[in-house]
Amino acid sequence: MQSTTEHFHRRKGALFAQSYACSQLAEDFGTPLFVYSRESLESSWQQFADALEGHEHLICYAVKANSNLAVLDVLARLGSGFDIVSGGELKRVLAAGGDPDKIVFSGVGKTRQELTEALEVGIRCFNVESEPELDRLAEIASALNVVAPVSLRINPDVDAQTHPYISTGLKENKFGVNMSDAVDIYKRAAQMPSLNVQGMDCHIGSQLTSIEPYKDALARLMSLIDQLDAEGIKLTHIDVGGGQGICYEDEQPLDIKQWAVCVIDAVGDRKLEILVEPGRFIAGPAGILLTRVEYIKQNEDKHFAIVDAAMNDLIRPALYSAWQAIEAVELTDTPAKEYDVVGPVCESADFLGKNRVLAIEQGDLLAVMSAGAYGFVMSSNYNTRGRAAEVMVSGDDAYVVREREEVESLFAGESLLP
Ligand code: LLP
């Protein structure tokens, strides 16, 4: 089971975020509270940098996984690029000091405004997902008198062997263009003067713990790249997407060295820069969610730990039946029992974990582990609950990187009828 890591570890039974006792963080900043470790973010990012060293590459952190400005700032300082999927994410990256020339823009539904803004800023590449998008981009670029750098997202039709909601590389998914249409679309794109065809990309799914799907997808993409080459269309980069899996329960995290060898081997002696868009692998293990037990309740044979975090704070268990480790922040002699750890939201899907053996009492603190990716970013205000605060621990310091939302702010933009 994924419990403690180098960055979230135990000292004499107490959970620490680097040099901070989690109980102190909860005391100082309240709960529910997302706690991030800067050093964890850095060391995961560095794994990609080390594994791809010696081959021209760009790591484009997938902003959607955790878009807090401080997280982006930490990665921008390492020289990271960014994979964005909206105009909102573009603004965040720029606000955090990200380099526009290292931004790739993915997503199936880019609006005119989003394309225009990204062209004005001068991003590194548009990962185009359909022919109509290609036409729209060409038209806007031409009107702005600029040339848009383009990559086509290919749907290689491979099974990523992951949860259906986070599998994206099958024919039935909405993402990318089909292998069989790709050459024709590339040919059209190559003839549009306001487009500069640079690359090919794919993203086959998320939380992949096996190299095989990457191998399959890359083999297909490389044969397509060779076909294009024979047609005189020379690409300069291959973007392999993200998806590298982490350990939530008993999964073996993807070995980034092995993954890099697989990509570099597939590229062979083709002159292609390697782009990669990891989100979860960098942000996931770098965060935990602290929550306090409000009540212990027993119905028939079932024990419930009713905590102050809910599905609005962490929706992964409700949405994907995702399993995340839940631990008592302080280990005590309280007799352990099996609990469903549930929130206060009025939905039966409002649980963080079921059948968890925990030694806890009312008032105790729990930590949901590996909550740094797709945690806060997917949170909502359901039940008029302000979103949690976020804190980043860096060296011996802890910084509030997002204030807890005040309830009044949640309806500040609403009005009564005249
Ligand atoms: N690139 C593209 C085009 C993507 O769509 C995604 C994720 C990534 C990169 C980053 O994938 P990662 O390295 O994080 O696996 N909310 C779900 C995950 C959705 C992922 C969507 N796309 C979850 O909580 O598991």
- Query: Working out 0.36 nm times the residue gap between residue 144 and residue 270, then minus their Cα-Cα distance, what length gain in nm do you get to one decimal?
  - Reply: 42.0 nm
- Message: Assuming 0.36 nm per residue, please report the length gained on full extension of the stretch residue 334 to residue 380 beyond their Cα-Cα distance.
- Response: 13.2 nm
- Message: Run the numbers for residue 77 and residue 403: contour at 0.36 nm per residue of separation, minus the present Cα-Cα distance, in nm.
- Response: 115.1 nm
- Note on the structure: Each label sits 7 Å from Cα toward the beta-carbon; between residue 297 and residue 258 the label points are separated, in nm, by 4.4 nm
- Task: Could you please report the charge total around residue 293, scoring K, R as +1 and D, E as -1 over all other residues with beta-carbon less than 10 angstrom from its beta-carbon?
- Result: -3
- What ranking, highest mean first, results for peptides 185-191, 50-56 when packing means the other Cβ atoms within 10 Å averaged over each residue? 185-191, 50-56
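For the pairs 64/271; 64/354; 174/271; 110/174; 64/215, note any where the Cα-Cα span goes beyond 22 Å. Can you show the working numbers first?
Numbers: 64/271 30 Å; 64/354 27 Å; 174/271 30 Å; 110/174 14 Å; 64/215 25 Å.
Over 22 Å apart, Cα to Cα: 64/271; 64/354; 174/271; 64/215.
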- Between 404, 38, 153, find the one with the highest GNM mean-square fluctuation for the chain; connect C-alpha pairs within less than 10 Å. 404
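If I take R0 = 56 Å and measure r between the Cβ atoms of residue 348 and residue 120 in this structure, what FRET efficiency does the formula 1/(1 + (r/R0)^6) give, to the nearest 0.05? All intermediate terms of the calculation are to be shown ahead of the outcome.
On the way: r = 47 Å, r/R0 = 0.84.
That pair, residue 348 with residue 120, gives E of 0.75.
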- Note on the structure: The summed charge of the residue 72 Cβ neighbourhood (under 15 Å; Lys/Arg +1, Asp/Glu -1) stands at 0
- Taking the chain as a Gaussian network, Cα atoms linked when under 10 Å apart, which of 358, 275, 72 shows the biggest mean-square fluctuation? 358
- Message: Above 39 Å lies some portion of the pair distances; for the chain, what is it as a whole percent of all C-alpha pairs?
- Response: 23 percent
- Message: For the pair residue 230/residue 210, report the inter-label distance in nm, with labels modelled 7 Å from Cα in the Cβ direction.
- Response: 3.1 nm
- Message: Less than 13 Å Cβ to Cβ from residue 186, Lys/Arg counted +1 and Asp/Glu -1: what total charge do the surrounding residues give?
- Response: -3
- Would you calculate, for the chain, the mean residue ellipticity at 222 nm contributed by helices, counting each DSSP H stretch of 4 or more residues as -39,500 (n - 2.57) and dividing by all residues, to the nearest 500? -8500 deg cm²/dmol
- Inter-probe distance in nm under a simple model that places probes 7 Å from Cα toward Cβ, at residue 187 and residue 113: 3.8 nm
- What is the packing order of peptides 120-127, 107-114, 198-205, taking the mean over residues of other C-beta atoms within 10 Å and listing the highest first? 198-205, 120-127, 107-114
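Each value in this text was obtained by applying a stated rule to the coordinates, not by laboratory testing. Since the structure is predicted, the reported quantities are computational estimates derived from the model, not experimental observations. Cβ: placed from backbone, ideal geometry, glycine included. Neighbour counts: every protein chain shown.
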